Amino acid sequence: MGREVRDTVNHPSHYAEGWSNGAEVIDITENLNFNRGNAVKYVARAGRKDAMKVIEDLEKARWYIDREIKRIRGE
């Protein structure tokens, strides 16, 4: 009794922890296209899942931003 059970499928801790209003990144990203949504996801969650991968997460965000720029330019 009193033991909190985490829902690791629908609400993993790295999705919402730290946001003062309890919102999840998906609340924003589902209103964006794929590249922009993924860029926001990686920036917002950088280092939350694995503190040792902050730079990797930010590089992934940059990759999606670069891809979106190329898409808009028609490259």
Within 11 Å, Cβ to Cβ, of residue 62, how many net charges do the neighbouring residues add up to if Lys/Arg are +1 and Asp/Glu are -1? -3
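Which net charge results when you count Lys and Arg as +1 and Asp and Glu as -1 among the other residues whose beta-carbon is under 15 Å from that of residue 39?
Working: positive: 36, 41, 45, 60, 62, 67, 70, 71; negative: 30, 56, 57, 59, 66, 68.
It works out to a net charge of +2.
Throughout, read-outs are computed from the coordinates displayed, never taken from laboratory work. As the structure is a prediction and not an experimental result, all values here were calculated from the model. Neighbour counts are summed over all protein chains in view; Cβ atoms, including those assigned to glycine, are modelled from backbone coordinates with ideal geometry.
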